[in-house]
Amino acid sequence: MRQATTAPEISHYDYIIIGGGTAGCPLAATLSQKYHVLLLERGGSPYGNPNITYLSTFGSALSDLSPKSPSQRFISEDGVINARARVLGGGSCLNAGFYSRAGPKYVSSVGWDGKLVNESYVWVENKVAFQPPVRQWQSAVRDGLVESGVVPYNGFTYDHINGTKIGGTIFDAAGRRHTAADLLEYANPSGITLLLHATVHKIMFKTRGLSRPKAHGVIFRDALGKKHKAYLRRGEMNEVIVSSGALGSPQMLMLSGVGPSEHLNAHNITVVLDQPNVGQTMMDNPMNAIFVPSPVPVEVSLIQVVGITRFGSYIEAASGENFSGYRSSRSDYGMFSPKIGQLSTVPPKQRTPEALEKAINSMNALDAAAFRGGFILEKIMGPISTGHLELRTRNPNDNPSITFNYFKEPEDLQRCVNGLKVIENIIESKSFSQFRYDSISLPALLNLTASAPVNLLPKHDNISVSLEQFCKDTVMTIWHYHGGCQVGNVVDQDYKVIGVDNLRVIDGSTFNYSPGTNPQATVMMLGRYMGVRIVNERLAKEESNH
């Protein structure tokens, strides 16, 4: 790893990868085995940052709003506070660690080669996936799921199968996080150049005398703002590959002149290719949770158990003081933090530091016991509702404007309601009884969750009467947003950008549907999978030319 300030003004490579995230790291490691790869990451290193490394500090990186934070806050136009990664290893440095594969149906529906998919998952798992230690609270949720009819119980498995299971985690037995950056251990050191704090401003295209625009390099700036150019070496198979995530990849294409021409013209961006689908069909899986205060202490746990229902909702759970958030410092509230905005849908006019301050103060006034417990959440599959992304500025460091349109499609709302009903059954189950106060009724729990002072949305009274209203009022993100450069719309089956040459997008922005219960395993797998395919195709072509 080197700082981008050390880079020459002009350099040449076989592959230039924009984004050292969940897909970019495995992709770069694989391509470096045979070719010279430049991996450009706008953030810093995850190594040595305790907020990233330890399970016990989960949430700290998300609530760090400094410019050097590995997490960049964004608020969608729906009013849900969200985060995008700004660090080597991408979202795998910030997430709750759950590791679970996509189902076989998903794999065949997107046309991947099942054998190579399985080999690629194993390649990832050998470095970053572990079996979690399942303690009392998670066991109670697991047994409650089975008692509530989410069957069969499938034990510990990475596979996506209906019923209840224990999934994998990227936290090892000592509670240390392993991220996509660890997959760079597979890289050939002489084949890879990895630059940190390297912000790509645009992809360069050749157009003169060509029937189609052709990517031939990138312009990036280092931490001091100095401009560098990296070009592709001569060779028809050399490529620029965008792996900047569901927000970064459509944004990068637009900044480079590939996008809806009217929108690009409005920002004075020279149109290289009028591509109206860039930034369309943005999706984020809505997450809704019920907080359950516990009369007895609970372990600190992130997502371990999942109930995969037949109606299209996934039930997961997390617990402990870092989650519901009470800490001796009383300064942060884990996933309930007003600063992260989990459980905090903030109307645009109320997104002020004062409003957050007020919420934090009202949290501080609560008794410590109010924060002992955990929450059971449901995330709907898909989703079916879609939105769109647009540029706000021409600065690649600025967030674009994103609308997800949560619950626009009635089927999404119905799945949320069905998921909440299962959560209610778990809370009422015999298995879970030791972790709930008999005196707090289910409607009271719903009202308690909805009225948590972190949520600054105007509330509907007695929300427990309508689960539909509860879904809409307490919608959160679980950071599984995707779309914007989808296969079939923006890229073809080989992830090549339609209408231009020597350019691919390989990351979650290409998904039409979020894979499995949690996408990170599949995003890492895709980086490896496409790396192997690109190398194999290239070797085959080079042989046939001899």
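The values are calculated or read from the model by the stated rules, or taken from the named source; none is laboratory data. Computed from a predicted model, the values in this text were never measured in an experiment. Every residue, glycine as well, gets a Cβ built from its backbone with ideal geometry; the counts of neighbours run over all protein chains shown. The accessibility values were calculated without ligands, DNA or RNA, using every heavy atom of the protein model including side chains. Shrake-Rupley method; radii C 1.70, N 1.55, O 1.52, S 1.80 Å.
Table for the structure above
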| read-out | value |
| --- | --- |
| Sequence-distant residues sharing a close amide H with H12 (under 5 Å, placed H) | Y231 |
| Contact order relative to length of region 1-152, as percent, for alpha carbon pairs under 8 angstrom and 6 or more apart | 16 |
| Cα-projected label distance for K34 with Y54, points at 7 Å along beta-carbon direction, nm | 4.4 |
| Positive-pole candidate from N126, S139, I52, dipole of region 5-145, charges at beta carbon | S139 |
| Simple label model, 7 Å out from Cα along Cβ direction - R392 to S451, nm | 3.4 |
| The chain: angle of helix 114-128 to the longest principal axis, Cα-based, in degrees nearest 10 | 70 |
| Cβ-defined net charge surrounding F220, 14 Å radius [Lys, Arg +1; Asp, Glu -1] | +4 |
| Helix axis angle, 245-255 relative to the chain longest principal axis, alpha carbon, degrees | 40 |
| Backbone N within region 169-187 under 16 Å of label point (7 Å from Q131 Cα along the Cβ vector) | 169-174 |
| Linear extension gain, E409 paired with E468, 0.36 nm per residue minus alpha-carbon span | 20.0 nm |
| Surface accessible to a 1.4 Å probe, per residue, for the residues of region 1-54, Å² | 35 |
| Cys residues of the chain counted as unpaired, since no other Cys beta-carbon is under 4.7 Å | C25, C93, C485 |
| Shape call, region 1-141: gyration tensor on alpha carbons, a/c limit 1.5 | oblate |
| Solvent exposure of region 459-532 as accessible area per residue, Å², 1.4 Å probe | 27 |
| Within the chain, longest stretch free of exposed GluC sites (Glu not before Pro) [DSSP loop, at most 11 other beta carbons within 10 Å] | 237-546 |
| Answer label for P(r) over Cα pairs in 20 Å bins from 0, in percent (calculated), chosen among [x] 22, 60, 18, 0; [y] 19, 48, 28, 4, 0; [z] 23, 56, 20, 1 | [z] |
| Nitroxide proxy distance, nm - points 7 Å out along Cα→Cβ at V296 and H12 | 6.9 |
| Vicinal HN-Hα couplings computed from phi for region 211-224 (Karplus, 6.51 cos²θ - 1.76 cosθ + 1.60; Hz; Gly/Pro x) | 6, 9, x, 10, 5, 9, x, 9, 10, 9, 10, 8, 4, 8 |
| 20 Å reach of a label modelled at K227, 7 Å along Cα-to-Cβ, counting backbone N of region 241-273 | 252-258, 267-272 |
| Cut-off of 10 Å, at most 16 other beta carbons, DSSP loop: longest stretch of the chain lacking such chymotrypsin sites (Phe, Trp or Tyr not before Pro) | 48-310 |
| Within the chain, helix-based [θ] at 222 nm, where runs of 4 or more DSSP H residues each add -39,500 (n - 2.57), nearest 500 | -7500 deg cm²/dmol |
| DSSP bridge pairs, region 158-302: antiparallel proportion in percent, nearest 5 | 85 |
| Helix 410-428 axis, angle to the chain major axis (alpha carbon atoms, nearest 10°) | 50 |
| Counting DSSP beta bridges with both ends in the chain, the antiparallel % (nearest 5) | 65 |
| Whether region 81-141 is rounded, prolate or oblate, judged on the alpha carbon gyration tensor where a/c under 1.5 counts as rounded | oblate |
| Spatially proximal lysines relative to K472 (Cα-Cα < 19 Å; intrachain offsets below 8 disregarded) | K349, K379, K408, K421, K459 |
| Long-range amide H partners of A317 with built H, under 5 Å | Q304, V305, L377 |
| Accessible area of the chain belonging to carbon and sulfur atoms, whole % at 1.4 Å probe | 50 |
| Gap separating the Cα centres of region 255-318 and region 121-162, nearest whole Å | 23 |
